[in-house]
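Heads up, the thing below is written out as structure tokens.
Just so it is clear, none of the values below were taken in a lab; they were calculated from the coordinates. Since this is a predicted model, take the numbers as computed values, not measurements. Please note: Cβ atoms are built from the backbone with ideal geometry, for glycine as well, and neighbour counts cover all protein chains shown.
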Amino acid sequence: MVALFLLALVLMKRSPIGVFDSGYGGLTVLSAIRAQLPHYDFIYFGDNARAPYGNRSFDVVYEFTLEAVNFLFEQGCPLVILACNTASAKALRSIQQNDLPKISPTNRVLGVIRPSTEVLGELTHSKHVGILGTQGTIASNSYPIELAKFAPDIEVHQHACPMWVPLIENQQYEHPAGRQFIMEDVQQLLSTNPAIDAILLACTHYPVLQQQLEELVGPNIKVIPQGPLVAEKLATYLKMHPEMDAQLSKNGDLSFYTSETPTVFNAKASHFFGEKVEAQHHSF
Ligand code: DGL
């Protein structure tokens, strides 16, 4: 009887994939991951009350990200995706190297920079790619450093767009003043080298601008969102790591947490996720 009860408990145990972002942007990544892995369970945490992370120091981004990772571990996630470029650039390595061995040597934390740079080389003919991201991501130089490992023949041209996250979060990106800011940033990136034929949106918020950016750059330049790249690489990772895959529960469950008031989060989140979102509150 006791054995049966314990077996039922084991079978019922939820071991979701945790997805973390500073705010709403990671929902664009979660949406792509869920399309690729619809049977898996997911928990999303958006640290909206403390976003944006883009202009924050290394120490603060690391501290906040580690808190979020620990929260997702406590929710039973053996695997956490940092679906935030700023957190991936500023906190991932320290967490993987210094914290994980102490917290749980079998849990894993993955970011969005490596899966993007692994394939970026295949998406350019001219061998000149543009990277648009937050100030933190661009200043970290994570993209040129990672790309040099996978595609050393590619020239990387970076540009930081500090106004884009506030414009997107406040839904001002279609306002004429918002459009002007966005156009100027795109022109500044393209003026660095006219041969750029692929632009990676290295911030999870930016896919909301996909159509506007495609119109701005014209048909000869690819505008690449990260979600599908990360989703595909995650599926490959799970095939290559059956010990992790076996741990993950697969009931198609989805839950959301935010450090902001849930009603505020829910109202905007569906815009990024493409479906109705009902979040619970968690703060540190
Ligand atoms: N989601 C973050 C990223 O991908 C941007 C938002 C922020 O600055 O917090 O870099």
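DSSP loop GluC sites (Glu not before Pro) in the range 80-176 with at most 15 other Cβ atoms within 10 Å of their Cβ, which ones? Intermediate values should be presented prior to the final figure.
Values: sites: Glu118, Glu122, Glu146, Glu155, Glu169, Glu174; in loops: Glu174.
Sparse-neighbourhood loop GluC sites (Glu not before Pro): Glu174.
Can you sort Lys250, Lys222 by how many other beta carbons sit within 10 Å, fewest first? Before the final figure, lay out each step's value.
On the way: Lys250 13, Lys222 17.
The fewest-first ordering by Cβ neighbours comes to Lys250, Lys222.
Starting from the coordinates of the alpha-carbon atoms of the chain, obtain the Kirkwood hydrodynamic radius over all distinct pairs and give the value in Å to one decimal.
Details: mean 1/r = 0.0518 Å⁻¹.
When all Cα pairs of the chain are included, the Kirkwood radius is 19.3 Å.
List Cys77, Cys84 from most exposed to least, where exposure is judged by having the fewest other Cβ atoms within 10 Å.
Numbers: Cys77 27, Cys84 36.
In order of increasing Cβ crowding within 10 Å: Cys77, Cys84.
Among the GluC sites (Glu not before Pro) within the range 181-279, which fall in a DSSP loop and have no more than 13 other Cβ atoms within 10 Å of their own Cβ? Before the final figure, lay out each step's value.
On the way: sites: Glu184, Glu214, Glu215, Glu232, Glu243, Glu260, Glu275, Glu278; in loops: Glu260, Glu275, Glu278.
Of the GluC sites (Glu not before Pro), the ones in loops of the range 181-279 whose Cβ has at most 13 other Cβ atoms within 10 Å are Glu275, Glu278.
Could you put Phe45, Phe73, Phe64 in order, starting from the residue whose Cβ has the fewest other Cβ atoms within 10 Å?
On the way: Phe45 27, Phe73 18, Phe64 23.
Neighbour counts put them in this order, fewest first: Phe73, Phe64, Phe45.
Which chymotrypsin sites (Phe, Trp or Tyr not before Pro) from the range 133-212 combine a DSSP loop assignment with at most 11 other Cβ atoms within 10 Å? Numbers along the way, then the final one.
Values: sites: Phe150, Trp164, Tyr173, Phe181; in loops: Tyr173.
Within the range 133-212, no chymotrypsin sites (Phe, Trp or Tyr not before Pro) qualify (loop, at most 11 other Cβ atoms within 10 Å).
Which of the pairs Lys149/Lys233; Lys233/Lys268; Lys239/Lys276 have their Cα atoms more than 26 Å apart in this structure?
Details: Lys149/Lys233 17 Å; Lys233/Lys268 28 Å; Lys239/Lys276 30 Å.
Check vs 26 Å cut-off fails for Lys233/Lys268; Lys239/Lys276.
Note down the nm distance, to one decimal, between modelled labels 7 Å out along Cα→Cβ at Thr263 and at Ser191.
4.6
Please state the charge dipole magnitude for the chain, taken about the Cα centre, from unit charges on C-beta atoms (+1 on K and R, -1 on D and E), reported in debye and rounded to the nearest 20.
Values: 19 positive and 27 negative charges, 100 e Å.
The calculation lands at about 480 debye.
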